[in-house]
1. In degrees between 0 and 90, to the nearest 10, how far off the longest principal axis of the chain does helix 302-335 point, with axes built from Cα atoms?
2. Sorted by mean Cβ packing within 10 Å, highest first, what order do the peptides 161-167, 275-281 take?
3. I want to verify a result. In a Gaussian network model of the chain, Cα cutoff 10 Å, which of these has the top mean-square fluctuation: LYS59, LYS116, LYS220?
4. Which of ARG309, ARG159, ARG215 moves most in a GNM of the chain, Cα contacts under 10 Å?
5. Note down the magnitude of the dipole of the stretch 27-138 about its Cα centre, charges +1 on Lys and Arg C-beta and -1 on Asp and Glu C-beta and zero elsewhere, to the nearest 20 debye.
6. From the C-alpha gyration tensor of the chain, pull out the three semi-axes of the equivalent ellipsoid (sqrt of 5λ each), sorted largest to smallest, in whole Å.
7. Which one of LEU385, ILE416, GLN400 is farthest out on the positive end of the charge dipole of the stretch 337-418, using unit charges on Cβ (Lys, Arg +1; Asp, Glu -1) and the Cα centre as origin?
8. List the pairs from LYS59/LYS104; LYS116/LYS182; LYS104/LYS233; LYS39/LYS63 whose alpha-carbon separation is above 22 Å, in the order I gave them.
Amino acid sequence: MKKKNSADAAPAAGPNLFGEVPPPAPAKKDGLLAFSYSKMSLYEECPLKYKFKYIDKIKEEPKFYFAFGSAIHSALEFLYSVKNPPFPTIEEVCEAFRTEWNAKSYLEKGYRTQTKSDDDYQKGLLMLKAYYEHNRSRFAPPFLVEYATDVEVDGLLVRTISDRIEHLGGGEITIIDYKTGKDVKREPAQLYMYQKITELDPRLKEKIAETYGTRVASVKIRELLYYHVPTNKEYSFERAGDREIGGFWERALGVADGIRGQKFEPAPGDRQCGWCDYKSLCPVFFGGARPAPQPQLPVPGHIEVLVDRYGRLKEKMQEIQAELDRVAEEISRSAKSGGEYAGNAFTASVSKTAKWAFPNREAVLGVLNQFDLYKKALDVTVAGLGRLLDSPDLAPEARQKLLEQAVRKTAVDIRIIKKGE
Ligand code: SF4
């Protein structure tokens, strides 16, 4: 059975001393950088920790929570590896869990005592039984289980492993990610990675054709789901918008730039250092004595990464602004005299107002001088001149002269409201 804690695993690699699958080399396949969500988050946590783990390949101590999560994932993989019902019984699922659990000693799994390991084993059995009861009425052969893929994008070779994928028809899919740790608020960043990579993955279309005999033009995520196994709670995220994915991807490319630029400065902090196995190698802790807590200053070299990220974001902003202008113009043309229009997710209130424009400022000043109209215009602005033109007191000849310099334009205001807000 596959290891859940193998998001960075090379496809053909075997387990290391601690049973974890080693990460792939940092660069392979025509200079592509091997990348994943877990690599990205480790680099963001501490670039030096990333270097120790992925560049220097120094093994970390085994962690009992990874061993526990891995055994639960293996049991669920066994449960869903069914092409046609019947599904395995709960006894068979528990047996799969037991086999995985007993493959390593309590020390290899990262427990300090056999008792603690035994307690977690019992906890795992109860968790699987509760999961089975909670879900048995909706067991159905899944589209894919533990689906690992490597996708090339923007100079990266990005690996994702999806716990389970359901095909909803027409190329639309749901990705389910099991969580076995604490039930804390989940950030959707990991799911953004799934969405970005899955929708670019050419193999998925082939898998749909192989499994269902239908060809689809594209694969689209409809829903991303965190399933918290200890509580059977589901945290559902709708397909993220282009803006969220674009922002997330900029962040990922910023991390990739840092790795390529070999920016591996330590980023000490209570949270990351508290769980770090590399303290004895880290200059911040070298000699064993921990220095006084340091303020979280920007890491040297970080500024270059930020500059690149800022530049990319500015470019993207200009692209988005140009696209916004194009779409607004199209809405304006289609809306004719304005009104309310509802899409699936948003409602637009479109209003149009006629405005004067005066392209030749010198000529306008000449007319104002000629008819001594400075005071009436109050200020020589487009609004002031517009008010003057609309005034009934304006002499017909002066109006005529001003009108010769004026152009009537339509100003469009589009107010957008998200449905349900
Ligand atoms: S001890 Fe702290 S600063 Fe040093 S590598 Fe680990 S996380 Fe980074």
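The values are calculated or read from the model by the stated rules, or taken from the named source; none is laboratory data. Treat the numbers as computed from the prediction; the structure is a model and nothing was measured. Please note: Cβ atoms are built from the backbone with ideal geometry, for glycine as well, and neighbour counts cover all protein chains shown. The protein model used for the area step is the full one, side chains on, heavy atoms only, and it has no ligands, DNA or RNA in it. Shrake-Rupley method; radii C 1.70, N 1.55, O 1.52, S 1.80 Å.
1. Taking Cα atoms only, the helix is inclined about 50 degrees.
2. Working: 161-167: 20.4, 275-281: 15.1.
Going from most to least packed, we get 161-167, 275-281.
3. Its mean-square fluctuation being the largest, the pick is LYS116.
4. Evaluated over the chain, the most mobile residue of the options is ARG215.
5. With Lys and Arg at +1 and Asp and Glu at -1, about 340 debye.
6. In descending order the semi-axes read 59, 30, 19 Å.
7. ILE416
8. Cα-Cα > 22 Å for LYS104/LYS233; rest within.
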